[in-house]
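For reference, the structure discussed in these notes is given below.
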Amino acid sequence: MFSSKESFKRAFIDKLESMLGKPVEEASDIDKYKALGAMIREYINKNWIATNTRYVENQEKQMYYFSMEFLLGKLLESNLINLGVRDLCEESLCELGIELSRLEAQEPDAGLGNGGLGRLAACFLDSLASLSLPGHGCGIRYKYGLFEQKIVDGYQVELPEYWLKEGNVWEIRRSDLAVEVRFGGEVRFEDHGGHWTFVHEKYESVLAVPYDVPVIGYRNKTVNTLRLWSAEPNIRDFDFQTLNSRDYHKVLDYKRSVESISEFLYPDDSFYEGKVLRLKQQYFFVSAGLQSIVRSYKKTQQSLRNFHHKVAIHINDTHPVLAIPELMRILMDEEGMGWEEAWHITVNTISYTNHTTLSEALEKWSIDIFQPLFPRIYMIVHEINERFCHALWEKYPGDWKRIHQMAIVADGQVKMAHLAVVGSHSVNGVAKIHTDILKQREMKHFYEVYPYKFNNKTNGITHRRWLIKANPALAGLITEAIGDKWVTDPSRLIELRGFADDAAFKQQLYAIKQQNKARLADLVREKTGTEIDPQSIFDVQVKRLHAYKRQILNVIHIMDLYDRLRANPDLAVMPRTFIFGAKAAPGYQLAKSVIKLINTLADVINRDPVIQNKLKVVFLENYRVSLAEKIIPAADVSEQISTASKEASGTGNMKFMMNGAVTIGTLDGANVEMHEEVGDDNMFLFGLTADEVIAYYTNGKYRAKDIYHGDIRIRGALQKFTGDFFGAGYGLFNDIYYSLLSTNDEFFVLKDFASYVQAQQRIDAAFRDRECWSKMSLINIAQSGVFSSDRTIVEYADDIWELDPVKIE
Ligand code: 26W
């Protein structure tokens, strides 16, 4: 069907008619989108089957990426690109009078994630398939993704995101592969002549049904699988007698309680909350995933002894850490293995990535919740802890304090990060500085015991989505300049450096940025009614709203700039447009106040004639993958201004860099490695270093109030929070004021302010020289190849998973 336009058009019309019983003329955009999606899915079926057959028949080692979040975004266009049929498809549809981009607009974002961690999982799947690596995803098919954000009167309002309302063209329900997951109940021992077995009784049975989504490699024949599990009542377990009795409401309660397991994604990025349902979700998909992996392994392989040579399981943060005791349970209770052997296999199968050092994000489950939910799993965790503490005692005799600090079960809690380190063979951080902090501080004791487990894997992003798809004009220009080899080998972007002094090339680069900015300006007008000038500097901060990411620092700088402009409307500043996008966790009051603050400020500034349009502020609602794809290619300046030591890596920073934005940032996360790539001349650094921040935390010598009293600009801004805020209302932002002063400014906003303003002034000066700015932009693009997730995935495959490419013929 993709051999020629004629055959494509025929196949498309046939599909529409057979699926929807309509002729093309009567079909809506959503009908056409569904038909096209179904066509693609059928088209890749052969390769999907071939990929699986090849993996199974050759007994290839396979890796499964376990993650509570997969922030996929839309799939249609990136699938078409990877298959190499986008142009054919677009042209054929055009001949039928259909615009491909309108069909693409019909697809809902699969928003099954909060932010960086979820999007990273999605980028990794794309890289695995594109590198012909046998690696799959395992997660939850949430009925509702991350909430849809509306801004009402400046405030965030959350609406449910029912992304499945029109069905999902990419998934296949595999009810034949459903497995049972058991919650609660009791565990009884049985003694079979000295051999103990464990019998689990009176549990609640839940049916886990997999929905498979194909993951299509770039121009190869690999189609891997993302398996998402959905929770359903286990009909076999239903007592139909009760349905007819007075107790039938119990059946309804059971149904409700089961279905709630895969109902919604917890929107609690970076704040751990001990919610029972979340813990149930974690065990649910981990148990289902492991059972299905073991089942398919046993179909072809002789002995479970070699399990870890054929299966790698990666846990994305601690959320899936129950994979460790669950694999132990399966190997011992179901397969009859002894502890030692089961432990050896488990540790060598599992590897773990840490994504944060914020202590408030670390998962610690109360035993009172944990034990009744998973009585057998708790016994195993308890035993792991006993053995671990015993080994510690041998190594550090008498050092109770250390053993207590390192224990997996202590203070009435199960410490998930400790379980992850002890029960896996690899622990990695997501940027050099982050891994160093783990080794030297947060996990210092563990590093001392298991130095060989710790390693760094700096994050990456898929250049196929974030450059080729999001910025086709730039991708085209790059190919014109250096050929197309960079597409499969992004390190070759470095060849662009040869054009650093080529004025004509830089002019083209500039023209593309202007086009992207004009397009974003149209979107901003459509969504907010605000007119923004594509000639102004587009200065962008888009990411989850969190105190450590310091959107507030950006805001205070804007307030100061605005004050200066009002005092002197002729002030010689480059016109700027500050663009924000951010969701706040629904329970995170301070973050929600910052959203209101940005919107209030935007309202004041955008309506003020005195400043002659030199300043605009825009908040785009409902930031998500598909919106990021429109914003990032249009950015001149990328704001990566977290308090040093707090952002594990950041991945937005890489997306901006690859699209030619210049970064203003702290030496935090992957910014440090970006700086190594581009140097001082092509990045605007400011602020405390991580060492300085950590030193302040230890010596307690930072005094926010001293800075407040010593800096009139800061005083001016902060007093507006408690005052009438440019006439918008009194005391609207008291909480922000107090977060900065009463708690001594935990994130060093005031401390870094002066140096941030200076960096902003350097940007103002640099932007005036168009050619010089374009050169910086070019160097950022040229040096961004190392931040492709292809590089990251090759490192994981070589150092952690021992996974080899398998070419599908
Ligand atoms: C328990 C609730 C919860 C949920 C999500 C706690 C923590 C998380 C994640 C750690 C949040 C997250 O997305 N972290 C980000 O991961 C990215 C990918 O590695 C990094 O680039 C970001 O720096 C990190 O904040």
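The values are calculated or read from the model by the stated rules, or taken from the named source; none is laboratory data. Keep in mind that what you see is a predicted model, and the values were worked out from it rather than measured. Reconstructed Cβ throughout: ideal geometry from the backbone, glycine too, with neighbour counts over all protein chains shown.
Points to keep in mind about this one:
- In the range 481-498, the residues that are over 19 Å from ARG791 (Cα atoms) and part of a helix (DSSP H, G or I): ALA481, ILE482, ARG497, GLY498
- Taking the criterion of being charged (D, E, K, R) and either part of a loop (DSSP other than H, G, I, E, B) or within 25 Å of the chain's Cα centre (by Cα) (or both), the residues of the range 400-427 that qualify are ASP411, LYS415.
- Taking every residue in the range 526-544 that is part of a loop (DSSP other than H, G, I, E, B) and pairing it with any residue that is of a type in the set (A, V, I, L, M, F, W, C), at least 6 positions away or on another chain, the pairs with Cβ-Cβ distances below 6 Å are THR530/VAL524; THR530/VAL618; ILE532/ALA521; ILE532/VAL524; PRO534/ALA518; PRO534/ALA521.
- Just one of the listed residues (ALA121, ALA110) is touching a residue at least 12 places away in the same chain (Cβ under 8 Å) and within 16 Å of the ligand (Cβ to nearest atom), and it is ALA121.
- Screening SER426 against (1) crowded, with 24+ Cβ neighbours inside 10 Å; (2) in contact with an Asp or Glu (Cβ under 9 Å, 6 or more places away or on another chain); (3) among the small types (Gly, Ala, Ser) leaves a single unmet condition, (1).
- The requirement of being in a helix (DSSP H, G or I), modelled with pLDDT of 95 or more and away from the ligand (no atom under 15 Å from the Cβ) is fulfilled nowhere in the range 132-143; no residue meets it.
- Filter result (of a type in the set (D, E, K, R) and modelled with pLDDT of 90 or more) within the range 254-272: LYS255, ARG256, GLU259, GLU263
- Residues of the range 428-470 classified as outside any helix (DSSP H, G or I), within 22 Å of the chain's Cα centre (by Cα), within 16 Å of the ligand (Cβ to nearest atom) and among the aliphatic types (A, V, I, L, M), total: 3
- Taking residues in the range 414-427 that are under 14 Å from PRO325 (Cβ atoms), and partners anywhere that are in a strand (DSSP E or B) and among the β-branched types (Val, Ile, Thr), the pairs with Cβ atoms closer than 6 Å and at least 6 places apart or on different chains are SER424/ILE350.
- Set side by side, the residues VAL152, VAL206, VAL181 differ, and just one is modelled with pLDDT of 95 or more and under 30 Å from SER593 (Cβ atoms), which is VAL152.
- Residue pairs whose Cβ atoms lie under 8 Å apart, sitting 6 or more positions apart in sequence or on different chains, and linking a residue in the range 751-775 that is under 14 Å from ASP560 (Cα atoms) to a partner that is part of a helix (DSSP H, G or I) and basic (Lys, Arg), are PHE753/ARG713; VAL757/ARG713.
- Condition check for GLU795: among the acidic types (Asp, Glu), part of a helix (DSSP H, G or I) and surrounded by 15 or more Cβ atoms within 10 Å (Cβ to Cβ): yes
- Qualifying residue in the range 331-350 (condition: among the polar types (S, T, N, Q) and free of Cβ contacts under 8 Å to residues at least 12 places away in the same chain): no
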